[in-house]
Amino acid sequence: MGDAWRSSGGGGRWVVLFPTSDLTAADRQVLDQIDRMRAALRHAVRSPAKWMAGLGKFLTADAVAASNSIEGFKVATVDVEDLMEGESEVDISQENREETLAYQRMVTYIQTLHDVEDFSYSKGLLNSLHWMLQGHRHSVRRPAGQWRKGPVYVTDARDPSIAAYTAPDAPLVAHLMQELIDWLNESDGTHALVRAAMAHLHLVCIHPWADGNGRMSRSLQTLMIARESVLAPEFSSIESWLGRPGNTWEYYRELGDRGSQYQPDQDVSGWIRFNLTAYHQQAQTVQGRLARSGRVWSCLAAFSAGQGLDERTVTALHDVAVAGRVRRSRYQHGEALSLQQAQRDLRDLTAADILQPVGRTRARYYTAGRQFPQDAIDIAQTPMTLTHPYRD
């Protein structure tokens, strides 16, 4: 670990975790804007609108798809949604299926922890989460649910023979993780979003497991944001923002700026600024999706009424407009219908040329037919504009 074990001065305490950098005036201004947006979203997401539950599921699926994509597991958000509904006939590789379902189970459990009263962070909790994520890959060489027993490296994306980062030696991991757990359980007055960003950095740099460290670090950040209880947990993650290609590159660059070895006694203001940008733009994105989903729903409700369709069919039409397709199982679960009711509705929509079936039997899904209202699709596909909080 070398010179990472440096005294922080004064009391002579050894530095083992990154010190949280002081916020600049610009940082505080951006954080105030984030707080205002999240407060507004808190009220919006409590709306009884029928499409709100679907949006929450989409955001969870998008976070899973994005975080997995950073690690090279490419599954479209709509396919993740289908897997979350228990759909078996999804056209993806077995490896991608296993990774998606494992991460989705862990994220779902994290979401349930947002309001647990006697909650605390512990070695057991973190290793249990890791087992949910990596248990299907457990082996003697790469154990799941326990600290690694050997070295671990992050290789350079341009040349796998080069170590872009070498994690602390394995014998130090238990001590470093205990320091982190103690820090997680102690409130120091720092804003919750800044603490969540720092927890991400601490964990990803300690790299305590043989594999899965990136997703675990992003999930810990999500858990801490959810525990803040400002927003429902499915609206709290920034993982989908991190998974956008340009942002992923910036994410790796920010981590790379921390050095090729564990050196916690350094200025991390750039990391905090990067995360504040992520929080800000993700809040903008959720606001945009809320507004757009509402407009699409209103458009389809008017269309449905004009066509004499049952109001419940708007749920299926909304999925087609927003996600590009709907499956029978998703529509059935969303409207709590019987199998026969869901099949009959989709058959009637197909007969009216509003929907078009693709595939056969269990693999079948439905896309927009020739009579599907184009204005709803146009609303759904209109791109939103994001501002950069430090530039605009």
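The values are calculated or read from the model by the stated rules, or taken from the named source; none is laboratory data. Bear in mind that the values here come from a model prediction, so they are computed numbers and not experimental data. Positions of Cβ are backbone-derived with ideal geometry, glycine not excepted, and every protein chain shown enters the neighbour counts.
Miscellaneous remarks
- Test: residue in region 244-253 that is more than 16 Å from the chain's Cα centre (by Cα), under 30 Å from Pro383 (Cβ atoms) and among the charged types (D, E, K, R): yes
- Selection status of Trp271, in contact with an Asp or Glu (Cβ under 6 Å, 6 or more places away or on another chain) and under 28 Å from Ala61 (Cα atoms): yes
- Filtered residues of region 341-356 (kept if in contact with a helix residue (DSSP H, G or I) (Cβ under 6 Å, 6 or more places away or on another chain) and more than 19 Å from Phe303 (Cβ to Cβ)): Ala342
- Selection within region 239-261 - more than 21 Å from Ser219 (Cα to Cα) and in a loop (DSSP other than H, G, I, E, B): Asp257, Gly259, Ser260
For (1) more than 22 Å from the chain's Cα centre (by Cα); (2) among the hydrophobic types (A, V, I, L, M, F, W, C), each residue gets a yes or a no:
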residue	(1), (2)
Thr112	no, no
Lys123	yes, no
Leu126	no, yes
Leu129	no, yes
Gln134	no, no
His138	yes, no
Arg141	yes, no
Lys149	yes, no
Thr155	yes, no
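- Cβ-Cβ contacts under 7 Å between residues 6 or more apart (or on different chains), taken from a first residue in region 172-193 that is touching a residue at least 12 places away in the same chain (Cβ under 8 Å) to a second residue that is of a type in the set (Ser, Thr, Tyr) and not in a helix (DSSP H, G or I), are listed as Ile181/Tyr121; Ile181/Ser122; Leu184/Tyr121; Asn185/Ser120; Asn185/Tyr121; Thr190/Thr20.
- Candidates Leu41, Leu31, Leu17, filtered to the one that is modelled with pLDDT of 80 or more, assigned to a loop (DSSP other than H, G, I, E, B) and outside the structural domain of Ser293 (by TED's automatic domain parsing): Leu17
- If you go through region 213-233 and keep only what is outside any helix (DSSP H, G or I) and either aliphatic (A, V, I, L, M) or modelled with pLDDT of 95 or more (or both), you end up with Val230, Leu231, Ala232.
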